[in-house]
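Before any comments, here is the structure.
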Amino acid sequence: MGVLNNSLPDIGPVRAVDSAIGWGRKSSIWPMTFGIACCAIEMMAVYAATFDLDRFGAGVPRATPRQSDLIIVPGTVNAKMAVRVKRLYDQMSEPRYVIAMGACVCGGGPYVKWGYNTVKGVHKIIPVDIFVPGCPPRPEALMDGILKLREKVGRNQVFARQAQTAADMDGRYAAAK
Amino acid sequence: MNETDIHSKLAGAVVSGVGALDESAKDPFVVVDPGSLVPAVTFLKNDADCRMEMLNCVTAVEREDCIEVVYHLSSVTHRHSLTLKTRVERPAGGTHESWIPEVPSVAALYASADWHEREQWDLLGVRFTDHPDHRRILLPEEWIGHPLRKDYVYPHEHGGMPLDLDAVPLYERDEATPSEPAAPRPSGTPLVQPPNPNSDRPDAGGVAPADSDGDLRSIKPGSNDGGGH
Ligand code: SF4
């Protein structure tokens, strides 16, 4: 959509188109198949039958970053892995979202003091949209994070000019709900 | 057999370098000279009464005056086990930069020793001579230093990835004015952990005590000045 991005006035019809696009995006989030440490086990539980992430349209992990919209970073990111995480994120196409899952990825977790090769939070290398704390977070917590992300994706402005004021943003949040 | 019998068989078979059995510990252990390690382990493995088929693990301990490599051997056939230790004395002023202890490898006898010895090399800097594949096992190949040594200094970043708690995120850095890479620690700096404002752990570093007797964290680097950090 290139040149039209965020260039139309923020009025009713444009908003309607934006929210239709947002609804489409948020209802078919494709996460990337990606797991690092212990938190990945909880993430797998979220994908599996008991919790069934597919209810929210995010249950089809893609095998390549080029097809995915969301990277859930579940587990300790160490110096060796950080390079790979950054490369995978760079390979994803816009719009892309990041969920930091677990204490390690939110800021070092158990390794914050003596972790000689741990990146103290994945937000040091890639921008994070949703932080899900816990060691590990329960599956419900990750699902809550994904629901929060859905809200965020849903109120994305594609064509309409970016909101300038806080009141403006509040109006959009209310419209997106 | 119990440990006492195994030890007496071992002491009888290997001519020299086998110490007394220390039974004060919960797991009685024998200290063996590094030079006698391979004959002793070979004997324990092959002797019909000992038959130590299994090397459970190889670990290492850094002590004030030595580095100790610990071997847990056990026999599935006879259901007994023995702990072997070998010690390499620390030379005066030996730090992780200037002193790499050498111990003969037992990887030719036990396949399990291969990776375990590589791990000790990686984290504690014990070199195992005649090891078939003497590389780091966990950390990246180009990592500097051996992190479980007491005088290890933590890096600020590795391969461009920030490792500090208060590092500026990569995507917020000013591309136009690239920051200087963290300077390597100059040779001759006391090897002390920098004080950490986020921790009140008593041994979290800080200023080195004035008298340096027996305190590993105040050891000055040895005479070698090859490379910084
Ligand atoms: S936050 Fe806890 S459970 Fe998750 S990767 Fe770190 S140590 Fe493992």
*Report, ordered by chain and residue number, the aspartates and glutamates lying within cross-link reach of A:Lys26, taken as a straight Cα distance under 17 Å and ignoring same-chain residues fewer than 8 apart.*
A:Asp18, A:Asp52, A:Asp54, A:Asp69, A:Glu94, A:Asp129, A:Asp144, A:Glu151
*If we count every other residue with Cβ under 13 angstrom of B:Thr77's Cβ, Lys/Arg +1 and Asp/Glu -1, where does the sum land?*
0
*Hey, quick one: spin label on B:Thr59, modelled 7 Å out along Cα-Cβ, who in the range B:1-23 has an amide N within reach, i.e. under 18 Å?*
B:22-23
*Based on the Cβ-Cβ distance of B:Ser98 and B:Ser74, what FRET efficiency does E = 1/(1 + (r/R0)^6) give at R0 = 41 Å, to the nearest 0.05?*
0.70
*Rounded, prolate or oblate: which one fits the range A:79-139, using the alpha carbon gyration tensor with axes a ≥ b ≥ c (rounded when a/c is under 1.5, else prolate when a/b beats b/c, else oblate)?*
oblate
*Just add up the charged neighbours of A:Trp30: K/R +1, D/E -1, any other residue whose Cβ is under 11 Å from the Cβ of A:Trp30.*
+3
*Taking each residue of B:156-164 in turn, how many C-beta atoms of other protein chains fall within 10 Å of its C-beta, and what is the average?*
6
_Rg and Dmax in Å for chain A, alpha carbons only: what are they?_
17.2, 55
_Below 22 Å, Cα to Cα, which lysines can B:Lys26 reach? Residues fewer than 8 away in the same chain don't count._
B:Lys9, B:Lys85
*Take the Cα radius of gyration of the range B:17-60 and divide it by 2.2 N^0.38 Å, with N its residue count; two decimals is plenty.*
1.21
*Grab the eigenvalues of the alpha-carbon gyration tensor for the range B:3-145, scale each by 5, take roots, and send me the semi-axes largest first in whole angstrom.*
26, 17, 12
_trypsin sites (Lys or Arg not before Pro) lying in DSSP loop within the range B:78-150, provided at most 12 other Cβ fall within 10 Å_ = B:Arg79, B:Arg135
*Restricting to the range A:69-151, what percent of DSSP beta bridges are antiparallel, rounded to 5?*
10
*asked:* Just to be sure I follow: if Rg is taken over the C-alpha atoms of the range B:70-155 and Rh is the Kirkwood radius over the same atoms, what is Rg/Rh?
replied: 1.02
*Place a label point 7 angstrom from the Cα of A:Gln91 along the Cα-to-Cβ direction, then list the residues of the range A:31-63 whose backbone nitrogen is under 11 Å away.*
A:33, A:63
*With a cut-off of at most 16 other beta carbons within 10 Å, and DSSP calling the residue loop, which chymotrypsin sites (Phe, Trp or Tyr not before Pro) in the range A:101-151 qualify? Please list them.*
A:Trp114
*Relative contact order %, chain A, counting alpha carbon pairs below 8 Å whose residues are six or more apart*: 29
*Measuring from label point to label point, each 7 Å out along Cα→Cβ, what is the A:Ile41 to B:Asp5 span in nm?*
4.0
*Could you work out how far apart the two model spin labels at B:Asp166 and A:Arg84 are, taking each label as a point 7 Å from the Cα in the direction of the beta carbon, and quote it in nm?*
3.2
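Every number in this text was worked out from the coordinates using simple rules, so none of it is lab data. From a predicted model like this one, the values you see are computed outputs, not experimental measurements. Because the Cβ atoms are built from the backbone with ideal geometry, glycine has one as well, and the counts that use them run over all protein chains shown.
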